[in-house]
Amino acid sequence: MSLLVLLFLLALVAFLYASVGHGGASGYLAVMALLGVAPVLMKSSALVMNLAVSLFSFIGFYRAGFFRFKLFFPFALSSIPCSFIGAMYVLPDSIYKKILAVCILISIARLLYQFDKSNKENNAIPWPIGLLVGAIIGIISGMIGIGGGILLSPLMLLMRWGNLKETAAVSALFIFVNSVSGLLGAIAKGTFVMSQDLVWSVLATVVGGAVGAYLGSHKFNVPTLKYLLALGLTIACLKLFFT
């Protein structure tokens, strides 16, 4: 029964995150934290699940015509090697949980905050800033096992570097390449851990992510479910802070 609950929650998280161009790692990690999964297994599992969901999400937004390479490249150029480096650094469990909790808080804000949906012209991304942002997010992503889109997309929207759909498309590919890099770093370090339930977890997130990516790229909105997800993430965040 606990496995069925885990699979359902992972599929729901994948569905909601993919609808806004995210792989969902922070959500998967929150679910696993609530269910008491060990941090070393959490990190490995989240990276693998991120790959499929972020790829589905990117394909959906790309086909809908929202991807802009010029918005993606400055961040990815520095984040990819930094994600590999970050994945090779193993954090103590207590510090890992606190950093993850902060990332989940950002995830909650991204879900609930209503960003400007107007079609105002984008601001140019200064290359030094883009490279610095990519490097910082890459390091954090590699260390805790996320793709970094949940950190990049709010910044892009606040700085008006892209509109909602463009940001979703960029974030999806950003998550994918950083997850690949982080996974390779974990394998090189010898910290990648497989479990028997991982295959089923990946399948659950693939199904949820594929549906979410398709509907999200076609103006789909699920405000009630997003509020419920935010509540669940808040509970997980509190558990990480105080355990």
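Test Phe15 against the stated conditions and say whether it is modelled with pLDDT of 85 or more and either surrounded by 22 or more Cβ atoms within 10 Å (Cβ to Cβ) or not in a helix (DSSP H, G or I) (or both). Break it down into steps so the answer makes sense when it comes.
Values: modelled with pLDDT of 85 or more: no; either surrounded by 22 or more Cβ atoms within 10 Å (Cβ to Cβ) or not in a helix (DSSP H, G or I) (or both): yes.
So Phe15 fails the test.
Restricting to the stretch 117-151, count the residues that are exposed (fewer than 11 other Cβ atoms within 10 Å of the Cβ), of a type outside the set (Asp, Glu) and at pLDDT below 85.
Total meeting the criteria: 4.
Could we say that Asn50 is closer than 17 Å to Lys165 by Cα, among the polar types (S, T, N, Q) and either in contact (Cβ under 8 Å) with a residue 24 or more places away in the chain or in contact with a His (Cβ under 8 Å, 6 or more places away or on another chain) (or both) here?
Details: closer than 17 Å to Lys165 by Cα: no; among the polar types (S, T, N, Q): yes; either in contact (Cβ under 8 Å) with a residue 24 or more places away in the chain or in contact with a His (Cβ under 8 Å, 6 or more places away or on another chain) (or both): yes.
So Asn50 does not fit the description; no.
Give the stretch 158-201 a look and list any residue that's touching a residue at least 24 places away in the same chain (Cβ under 8 Å) and of a type in the set (S, T, N, Q), or say none.
Scanning the stretch 158-201 gives Asn163, Thr167, Ser171, Asn178, Ser179, Ser181, Thr191, Ser195, Ser201.
Quick one: is Ile108 among the β-branched types (Val, Ile, Thr), at pLDDT 85 or above and assigned to a helix (DSSP H, G or I)?
No, not satisfied.
Within the stretch 183-194, is there a residue that is part of a helix (DSSP H, G or I), modelled with pLDDT of 85 or more, over 30 Å from Lys70 (Cβ atoms) and touching a Ser or Thr at 6+ places or on another chain (Cβ under 8 Å)?
Scanning the stretch 183-194 turns up at least one residue that is part of a helix (DSSP H, G or I), modelled with pLDDT of 85 or more, over 30 Å from Lys70 (Cβ atoms) and touching a Ser or Thr at 6+ places or on another chain (Cβ under 8 Å).
Could you list, ordered by first residue, the pairs with Cβ atoms under 6 Å in which the first is in the stretch 57-80 and outside any helix (DSSP H, G or I) and the second is modelled with pLDDT under 95 and among the polar types (S, T, N, Q), at least 6 apart or interchain?
From the stretch 57-80, the pairs are Ala64/Ser217.
Inspect all residues belonging to the stretch 69-92 and state whether any of them is basic (Lys, Arg) and farther than 17 Å from Ile140 by Cα.
Yes, that holds for at least one residue.
Looking at Ile59, is it under 23 Å from Gly212 (Cβ atoms), modelled with pLDDT of 85 or more and of a type in the set (Val, Ile, Thr)?
Judged against the criteria, Ile59 is a match.
With (1) free of Cβ contacts under 8 Å to residues at least 60 places away in the same chain; (2) not in a loop (DSSP other than H, G, I, E, B) as the list, and Gly36 as the residue in question, which single condition is left unmet?
With (1) free of Cβ contacts under 8 Å to residues at least 60 places away in the same chain; (2) not in a loop (DSSP other than H, G, I, E, B) applied to Gly36, the lone miss is (2).
Restricting attention to the stretch 178-203, which residues are among the aliphatic types (A, V, I, L, M), buried (at least 21 other Cβ atoms within 10 Å of the Cβ) and out of contact with any Lys or Arg (no Cβ under 9 Å at 6 or more places or on another chain)?
Result: Leu183, single match.
Among the residues of the stretch 62-116, how many are surrounded by fewer than 20 Cβ atoms within 10 Å (Cβ to Cβ) and touching a Gly at 6+ places or on another chain (Cβ under 6 Å)?
2
Using the structure shown, decide if Leu132 is part of a helix (DSSP H, G or I), within 14 Å of Ser26 (Cα to Cα) and out of contact with any Leu (no Cβ under 8 Å at 6 or more places or on another chain). Explain how you work it out, then say what you get.
Details: part of a helix (DSSP H, G or I): yes; within 14 Å of Ser26 (Cα to Cα): no; out of contact with any Leu (no Cβ under 8 Å at 6 or more places or on another chain): yes.
It is false that Leu132 is part of a helix (DSSP H, G or I), within 14 Å of Ser26 (Cα to Cα) and out of contact with any Leu (no Cβ under 8 Å at 6 or more places or on another chain).
All but one of (1) over 14 Å from Thr167 (Cβ atoms); (2) in contact (Cβ under 8 Å) with a residue 60 or more places away in the chain hold for Leu132; state the number of the condition that does not hold.
For Leu132, the failing item is (2).
The values are calculated or read from the model by the stated rules, or taken from the named source; none is laboratory data. Note that this is a predicted model, so its numbers are computed, not measured. Backbone-built Cβ (ideal geometry, glycine too); neighbour counts: all protein chains shown.
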